[in-house]
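S.K.: First the structure, then my questions, so here it is.
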Amino acid sequence: MSDTQTPRMFLRLPEVLTITGLSRSTIYKWVNEGDFPKPKQLGPRAIAWDSNEIATWSENRPSI
């Protein structure tokens, strides 16, 4: 891992909401449409998003 790469972390929904500023419904709508990273299954009832995928998504969003 290079110095510029951030360590991989798993983010739960409340963290993703805070980081992105999106609502829960928007995140799940965009996941279903393929416009937002899909969460990873951590266990039978737990999901989380890869922090690197969220960072890449954020960097590649067009500015308004």
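Every number here is computed from the coordinates shown, using simple stated rules; none is lab data. Here the structure is a predicted model, which is why all the values come from computation and not from measurement. Every residue, glycine among them, receives a Cβ derived from its backbone with ideal geometry; neighbour counts consider all protein chains shown.
S.K.: About the Cα centre, and with charges only on the beta carbon of Lys, Arg (+1) and Asp, Glu (-1), how big is the dipole of the chain? Nearest 20 debye, please.
M.R.: In total the dipole reaches around 320 debye.
S.K.: Could you tell me the relative contact order of the chain? Use alpha-carbon pairs under 8 Å, at least six residues apart, and round to a whole percent.
M.R.: 38 percent.
S.K.: Rg/Rh for the range 10-59: what does it come to with C-alpha atoms and Rh from Kirkwood?
M.R.: 0.93
S.K.: Just add up the charged neighbours of Ser51: K/R +1, D/E -1, any other residue whose Cβ is under 9 Å from the Cβ of Ser51.
M.R.: Working: positive: Arg8; negative: Glu15, Asp50, Glu53.
Here the charged neighbours net out to -2.
S.K.: So, one more: So which trypsin sites (Lys or Arg not before Pro) in the range 26-64 pass both tests, a DSSP loop state and at most 11 other Cβ atoms within 10 Å of the Cβ?
M.R.: Filter output for the range 26-64: Arg45.
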